[in-house]
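The values are calculated or read from the model by the stated rules, or taken from the named source; none is laboratory data. Quantities reported herein were computed from a predicted structural model and do not represent experimental measurements. Cβ atoms come from the backbone with ideal geometry, glycine included; neighbour counts cover every protein chain shown. We work out accessible area using only protein heavy atoms, side chains counted, and drop any ligands, DNA or RNA first. Shrake-Rupley method; radii C 1.70, N 1.55, O 1.52, S 1.80 Å.
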Amino acid sequence: QIVVAVAVAYALSKLRPIFGRIVLGAMLASLMLPATALLIPAYLTIVDVPILHVNLLNTPWALWLPAAASAFNIYVLKRFFDQIPNDLLDSAALDGAGRFRVLWSIVLPLSRPVLGVVSIFAIVATWKDFVWPLLVLQDPEKQTLSVALARLANTSQVPPTELMAGLAIASVPMVIVFLIFQRSIIGGLSAGSMKG
């Protein structure tokens with residue numbers, strides 16, 4: 001999700017393609033649709049991928065492909081990239097840096113704070129998602145932790161204390177991820193400043 005969001009946001013912000021405003025408007029319009037309205041088209045796409053005609057149910061790709069692009073994360077990154085001065089990028093281009101080199105060496109180091117925030121959004125949204133994994137991972141052996149815990153909660157064989165222990169253990173990775181990215185956000189606030 002980060003790779004796709006950075007590429008699209010950089011293209012819309014700094015490369016300025018011909019139909020960039022239309023693409024941005026369509027992405028922002030997609031944010032106005034409720035997530036439940038997109039479940040059936042996304043499910044039908046996963047059952048029969050349009051060009052490849054492959055069924056992705058009960059595979060990790062069923063979770064990864066729909067989550068590859070997030071319009072909200074693209075918009076957040078684009079707004080941040082808009083604030084990076086074009087003079088800085090132009091001076092790098094005069095020194096012989098290409099578009100990818102400018103992105104890798106200048107834009108991404110300056111964007112560490114927002115990349116940390118977008119990473120937290122992406123990881124937490126994927127981790128807490130319940131309805132989509134419930135639809136596409138019907139095999140109990142391949143279900144995500146949130147779906148498996150909900151399935152175990154409905155059985156009478158699991159004592160409530162063990163279920164609560166499972167819920168507590170399920171929250172530990174998110175706390176660790178937040179602590180890791182919190183440090184990178186604070187460290188990235190002072191990175192890449194421009195002297196005038």
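The table below gives the values:
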quantity	calculated
Of all accessible heavy-atom area on segment 1-110, the percent that carbon and sulfur account for (1.4 Å)	69
Most mobile listed residue (Asp82, Asp95, Asp129) in the chain, GNM with C-alpha springs under 10 Å	Asp95
If the convex hull is drawn through the Cα atoms of segment 37-173, its volume per residue in Å³	151
Pair Ala97, Leu31: separation of 7 Å Cα→Cβ label points (nm)	2.8
Chain lengthening between Glu141 and Val49 when straightened (0.36 nm per residue, less Cα-Cα)	30.8 nm
Value of D in µm² per second that Stokes-Einstein yields for segment 1-84, Kirkwood Rh from Cα pairs, at 25 °C (0.890 mPa s)	173
Probe 1.4 Å, accessible area per residue of the chain, Å²	65
Of the DSSP H helices in the chain, those whose Cα atoms cover at least 27 Å axially and whose Kyte score averages -1.0 or more	160-188
Pairwise Lys count, the chain - Cα closer than 29 Å, eight or more residues apart or different chains	5
Contact order normalised by residue count of the chain, Cα under 8 Å, 6+ apart, percent	26
Helical mean residue ellipticity (222 nm; -39500 (n - 2.57) per DSSP H run of 4+; nearest 500) of the chain	-18500 deg cm²/dmol
Bins of 10 Å, starting at 0 and running to the largest distance - Cα pair percent for segment 38-83	24, 41, 21, 14, 1
FRET efficiency, 1/(1 + (r/R0)^6) with R0 30 Å, evaluated for Thr126 and Ile22 via beta carbons	0.60
Loop-located trypsin sites (Lys or Arg not before Pro) in segment 62-160, at most 13 other Cβ atoms within 10 Å (DSSP)	none
Those chymotrypsin sites (Phe, Trp or Tyr not before Pro) in segment 40-107 that DSSP places in a loop and that have at most 15 other beta carbons within 10 Å	none
